[in-house]
Amino acid sequence: MERTLSIIKPDGVKKNIIGEVIKRFQDEKINIVAIKMIKLSKEEAKGFYAVHMERPFFDSLTNFMTSGPIVVMVLEGNDVIARNRKLMGATNFKEADEGTIRKDFATDIEKNVVHGSDAPETAAFEISYFFNALEIAG
Ligand code: ATP
Ligand code: MG
């Protein structure tokens, strides 16, 4: 059993597709074991995306991530890191496969609706960034 962190980014919340994203997880038999809505401060967004500190889009990305509420979730299931990434589609929605969340809803390489951890180590860091053990069911 594996866990991953999923985020519905501010653009996804504004587009009213929280339910649609959750439905795609449920249709894939991916379990949600923790969920909450929060609004990040700039410092919190910078800490989360620290791996991208040197990238030219870091300031813009962290501003975007603080621009409105986000929904953070812990997903659980076999191979869930890769399965979630598959449901999300490529970072750039123009390159995303048909039927993926980003292909269907993203409008911009930055405003791409969802985040998903990309490896077990990043999943562990990202889950603990938002949730303590008491907040995760199962
Ligand atoms: P995420 O980490 O959000 O799940 P990802 O792993 O597909 O997405 P990363 O390379 O980790 O993509 O980039 C993190 C986020 O930074 C992207 O989801 C996107 O919002 C933004 N981003 C990535 N590349 C660019 C770019 N060239 N220009 C602007 N924003 C970008
Ligand atoms: Mg990433």
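Points worth noting:
- Legend: residues Lys46, Lys39, Lys29, sorted from most to least accessible area (1.4 Å probe; ligands, DNA and RNA excluded), read Lys29, Lys39, Lys46.
- Peptides 50-57, 119-126 ranked from most to least packed, by the mean per-residue count of other Cβ atoms within 10 Å: 119-126, 50-57.
- In this structure the chain gives 53 Å² per residue of accessible area when probed at 1.4 Å with all protein chains present.
- Whole-Hz couplings from phi, Karplus 6.51/-1.76/1.60, listed for the range 22-32; x for Gly and Pro: 4, 4, 5, 5, 5, 4, 8, 6, 8, 8, 9
- In this structure the amide hydrogen of Glu2, modeled in the peptide plane, comes within under 5 Å of the amide hydrogens of Gly77, Asn78, Asp79, Val80, none closer than 5 places in sequence on its chain.
- Accessible area of the range 60-138 belonging to carbon and sulfur atoms, whole % at 1.4 Å probe: 53
- Dipole magnitude for the chain: computed about the Cα centre from +1 point charges on Lys and Arg Cβ and -1 point charges on Asp and Glu Cβ, it is near 360 debye.
The values are calculated or read from the model by the stated rules, or taken from the named source; none is laboratory data. Just so it is clear, the structure is predicted and the values come from calculations on it, not from any experiment. Here Cβ is always computed from backbone atoms with ideal geometry, including for glycine, and neighbour counts include all displayed protein chains. Heads up: the accessible areas ignore ligands, DNA and RNA and are worked out on the full protein's heavy atoms, side chains in. Shrake-Rupley method; radii C 1.70, N 1.55, O 1.52, S 1.80 Å.
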